[in-house]
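> Here it is: the structure, laid out below.
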Amino acid sequence: MANVLTLLAGAADGAKTAPSALFLQDYQWVSLAMLVLILIFVWKKVPSLITGGLDKKIAEIKQQLDEAKSLRAEAEALRDEYAAKIAGAEKDAEAMMEGATREADAILVKAKEDGAAMVARRQRMAEDKIAAAERDAIEEVRSSAVDAAAAASRKIIADKHDADADRVLADEVISAI
């Protein structure tokens with residue numbers, strides 16, 4: 001009651017005084033409220049819940065990074081394997097070209113009467129076979145690379161959290177508070 005009278009007396013005198021209750025000023029009430037809030041947080045173990053959730057998320061991200069590294073290593077090995085297949089296909093194409101040339105020469109010697117038309121036609125057929133074999137080998141390599149990339153993408157996407165999983169985690173943290 002004395003505080004109320006003091007406040008009224010100060011207001012009547014034109015003096016500017018800050019309001020107070022139970023002998024505490026407004027900034028002291030704010031400090032006391034913050035202290036009580038911090039004590040409730042510590043009592044309810046909110047910091048440990050937050051750090052536990054963050055540690056779990058860090059572990060999941062680390063696991064995803066490790067999986068991504070292993071997938072990258074597998075993809076690089078697959079790329080090297082198909083690069084070797086392409087190189088082998090080129091050697092085979094060269095060998096086929098040499099074989100076709102030798103066959104064309106043998107046909108020319110053996111059947112001179114068939115003439116230059118027969119030789120040119122056989123050589124064109126061999127080159128077309130080689131080109132088709134190269135196209136087939138390249139298409140097979142591309143198809144396998146696309147399949148491997150698609151499989152790796154599906155695995156990475158399936159392993160990542162979606163919005164629902166993130167929402168559940170946020171709800172758990174909020175409900176724990």
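The values are calculated or read from the model by the stated rules, or taken from the named source; none is laboratory data. The structure presented is a predicted model; accordingly, all values stated were derived computationally and were not measured. Note that each Cβ is placed from the backbone with ideal geometry, even for glycine, and that neighbours are counted across all protein chains shown. The accessibility values were calculated without ligands, DNA or RNA, using every heavy atom of the protein model including side chains. Shrake-Rupley method; radii C 1.70, N 1.55, O 1.52, S 1.80 Å.
> Pairs please, first residue from region 35-52 and surrounded by 11 or more Cβ atoms within 10 Å (Cβ to Cβ), second anywhere and in a helix (DSSP H, G or I) and at pLDDT below 90, Cβ atoms under 6 Å, 6+ apart in sequence or on different chains.
Short answer, once both residue conditions are applied: Leu49/Ala176.
> For Glu103, all conditions in the list (1) of a type in the set (D, E, K, R); (2) modelled with pLDDT of 90 or more; (3) touching a Lys or Arg at 6+ places or on another chain (Cβ under 9 Å) hold save one; what is the number of the exception?
(2)
> For region 80-133, enumerate the residues that are closer than 24 Å to Ser144 by Cα and not charged (D, E, K, R).
Tyr82, Ala83, Ala84, Ile86, Ala87, Gly88, Ala89, Ala93, Ile130, Ala131, Ala132, Ala133
> Only one of (1) surrounded by fewer than 10 Cβ atoms within 10 Å (Cβ to Cβ); (2) in a helix (DSSP H, G or I); (3) modelled with pLDDT under 85 fails for Lys155. Which number is that?
The one condition Lys155 does not meet is (1).
> Identify, from the list Ala176, Ala131, the residue that is surrounded by 11 or more Cβ atoms within 10 Å (Cβ to Cβ), within 30 Å of Thr51 (Cβ to Cβ) and modelled with pLDDT of 85 or more.
Ala176
> Kindly list the number of the only condition in (1) touching a helix residue (DSSP H, G or I) at 6+ places or on another chain (Cβ under 9 Å); (2) modelled with pLDDT of 90 or more; (3) more than 30 Å from Asp171 (Cβ to Cβ) that fails for Asp92.
Among (1) touching a helix residue (DSSP H, G or I) at 6+ places or on another chain (Cβ under 9 Å); (2) modelled with pLDDT of 90 or more; (3) more than 30 Å from Asp171 (Cβ to Cβ), Asp92 violates only (2).
> For residues that are within 45 Å of the chain's Cα centre (by Cα), open to solvent by 80 Å² or more (accessible area, probe 1.4 Å) and farther than 21 Å from Asp128 by Cβ, tally how many sit in region 84-116.
1
> Please name all residue pairs, on different chains or six or more residues apart, with Cβ atoms under 8 Å, provided the first residue is in region 21-33 and is free of Cβ contacts under 8 Å to residues at least 24 places away in the same chain and the second residue is among the polar types (S, T, N, Q) and open to solvent by less than 100 Å² (accessible area, probe 1.4 Å).
Partner pairs satisfying both residue conditions: Ala21/Asn3; Phe23/Asn3; Asp26/Ser20.
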